[in-house]
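Some notes on the structure that comes next.
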Amino acid sequence: MATALDRHIALIGFMGAGKTTLGMQLADRLGRPFFDLDREIERSARRSIPELFRREGEAAFRIAEAEETLMKLKFGRPAVLALGGGAIETQRIRDSLREHALTVLVEVEVDEAWERVQETARPLAKDREQFRALYEKRRGLYDEAADVRARDADDVVLAALGIRIERGVRPEGGALIADPKALELHPLQLGETHTVQEKTLDEAQRLWTELGISRDGTIVGYGGGTTTDLAGFVAATYMRGVPWTAVPTTLVGQVDAAIGGKTAVDLRQGKNLAGTFHYPEAVLIDPGLLSTLPEEERRAGMAEVVKTGLLAGRELWDLPEEQMIRACAAYKAEVCLADPYERDRRAILNLGHTFAHALEAASLYTVRHGDAVALGLLAALRLSGLSTEVVETVLDPRLVPVNREDAWTALQRDKKVRDGRVRLVLLEEPGKPVWGVERPEAEVRAALDALIAK
């Protein structure tokens, strides 16, 4: 199934399913145009749909509906479309949906739909038994047209990036690139298997040489962020690009690292300095894989959870684990869909990371990423003038013994520095991030120094 990265999201379903309400929510969250096809038809015809039915009949309405829907599906910029309940009865619309959209069935039970629409002016909602018969008639067409099913906006956002959260879910593919420990704890077999320890150009070159799949084969990355970063990088470059699937086995991977299409390898000069965007066709998240996760790895993942909660303005860290993973994954997917290649708002996902990367580099990468992110969040909150209580309570970060000058030098080499000026992600308040913020050098350096052990 293709993602909606550069395609429309088309909502289909029976009348009363809530497609318009859901569509407006999605368009707002993703920064996309929204088209309610019934309203577009009324605008073009300069009369209401009940009036169109009375004056010209259903057959004429379906012709107008097809013309308007097909035109919107060919609209260049990815948008969110809410189709009329009967649009899928037209074969040309079903064909165009397959070509231009991720088609999402918004599910509703027939009795619930009737309760919602029985007192409206909808021309096909006058008689309960006829309404039920129409529902049954269209069910098969909805099933045929739908790529995915959804009940809420998070369902759609996750599906739009191919993210599936399910215990026991397993990938299909021709070549497995795996962390050996993950493979030992949770065995998985594909056509060929390659284990990796680090994400370096040497490892990438070895994999390019060893891979036996053709250009239509699929690579599966199975492990933590290091493994999925490398697998995605190899997939992006092997034979000029092959599809891949991410199967993250750590909390960091499931809530953050495996989502968003960033792939990279480390160079001697620093982390992630050679890479590209290559979105996976699917991200398969099995919360059950976390049952064997060491405590230090879980703590590293919780740093990304707290970061996401601060950005979203929600206490995601207090949710039950599977709900927490789903909420974090949906938030990151939403940000990435709105800014797929980090040209604007996606920069907010770096909250705390400018400081974290500096501490990691100064320690020669002996400080764990999650521990560094926890400290970086302290610095970001302090510079934002906000309480650090949640970071101190949930993550309990400890100062790190690194050289101050090395950390400051590393911070000045951060990818977000422009013209020698450090640009930060801060918060006006939880849920209201701002990016590209410049602060006096002395303030930034003091915030960094406060993270370093005496």
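Output the residues belonging to segment 283-305 that are open to solvent by 20 Å² or more (accessible area, probe 1.4 Å) and hydrophobic (A, V, I, L, M, F, W, C).
LEU293, MET302
Output the number of the condition that ARG151 fails; it satisfies all remaining conditions of (1) closer than 30 Å to LEU52 by Cβ; (2) open to solvent by 20 Å² or more (accessible area, probe 1.4 Å).
The number of the failed condition is (1).
Here is a yes/no grid of residues against (1) of a type in the set (Lys, Arg); (2) buried (at least 16 other Cβ atoms within 10 Å of the Cβ):
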{"site": "ARG62", "(1), (2)": "yes, yes"}
{"site": "THR69", "(1), (2)": "no, yes"}
{"site": "ALA82", "(1), (2)": "no, yes"}
{"site": "LEU97", "(1), (2)": "no, yes"}
{"site": "GLU109", "(1), (2)": "no, no"}
{"site": "GLN118", "(1), (2)": "no, no"}
{"site": "LYS137", "(1), (2)": "yes, no"}
{"site": "ASP143", "(1), (2)": "no, no"}
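Got a sec? Which of THR237, THR276, THR308 is within 20 Å of the chain's Cα centre (by Cα), open to solvent by 30 Å² or more (accessible area, probe 1.4 Å), at pLDDT 95 or above and of a type in the set (Val, Ile, Thr)?
THR276 is the lone residue from the list that is within 20 Å of the chain's Cα centre (by Cα), open to solvent by 30 Å² or more (accessible area, probe 1.4 Å), at pLDDT 95 or above and of a type in the set (Val, Ile, Thr).
Which residue out of VAL402, VAL417, VAL394 is within 30 Å of the chain's Cα centre (by Cα) and under 21 Å from ALA303 (Cβ atoms)?
Only one candidate qualifies: VAL394.
Can you report the number of residues in segment 13-39 which are closer than 16 Å to LEU102 by Cα and part of a loop (DSSP other than H, G, I, E, B)?
The total comes to 3.
Consider segment 64-93. How many of its residues are part of a helix (DSSP H, G or I) and not hydroxyl-bearing (Ser, Thr, Tyr)?
Number satisfying all stated conditions: 15.
What do you reckon, is ALA10 assigned to a helix (DSSP H, G or I) and small (Gly, Ala, Ser)?
No.
Taking the conditions exactly as written (among the acidic types (Asp, Glu), modelled with pLDDT of 95 or more and surrounded by fewer than 22 Cβ atoms within 10 Å (Cβ to Cβ)), does GLU198 satisfy them or not?
no
Condition first: open to solvent by less than 40 Å² (accessible area, probe 1.4 Å) and either among the polar types (S, T, N, Q) or touching a strand residue (DSSP E or B) at 6+ places or on another chain (Cβ under 6 Å) (or both). Now tell me which residues in segment 403-433 satisfy that.
LEU424, VAL425, LEU426, LEU427, PRO433 - these are the residues of segment 403-433 that are open to solvent by less than 40 Å² (accessible area, probe 1.4 Å) and either among the polar types (S, T, N, Q) or touching a strand residue (DSSP E or B) at 6+ places or on another chain (Cβ under 6 Å) (or both).
Taking the criterion of being assigned to a strand (DSSP E or B) and either within 18 Å of the chain's Cα centre (by Cα) or not basic (Lys, Arg) (or both), would at least one residue in segment 209-220 satisfy it?
yes
Just to be sure I understand the filter: pairs with C-beta atoms under 8 Å, separated by 6 or more residues or on different chains, first member in segment 123-141 and without any contact (Cβ under 8 Å) to a residue 60 or more places away in the chain and within 13 Å of PHE14 (Cβ to Cβ), second member among the charged types (D, E, K, R) and surrounded by 13 or more Cβ atoms within 10 Å (Cβ to Cβ). Which pairs pass?
The qualifying pairs are LEU141/GLU89; LEU141/ARG94.
Cβ contacts < 7 Å: first residue part of a loop (DSSP other than H, G, I, E, B), restricted to segment 40-60; second residue at pLDDT 90 or above, any location; separation 6+ or different chain. Result?
SER48/GLU42
Could you tell me whether any residue of segment 405-427 is more than 25 Å from ASN272 (Cα to Cα) and among the charged types (D, E, K, R)?
For segment 405-427, residues more than 25 Å from ASN272 (Cα to Cα) and among the charged types (D, E, K, R): absent.
The values are calculated or read from the model by the stated rules, or taken from the named source; none is laboratory data. These numbers were taken from a predicted model, which means no experiment stands behind them. For neighbour counting, all protein chains shown are included, and Cβ atoms are generated from backbone atoms with ideal geometry for every residue, glycine included. SASA here: full protein model, heavy atoms, side chains in, ligands and nucleic acids out. Shrake-Rupley method; radii C 1.70, N 1.55, O 1.52, S 1.80 Å.
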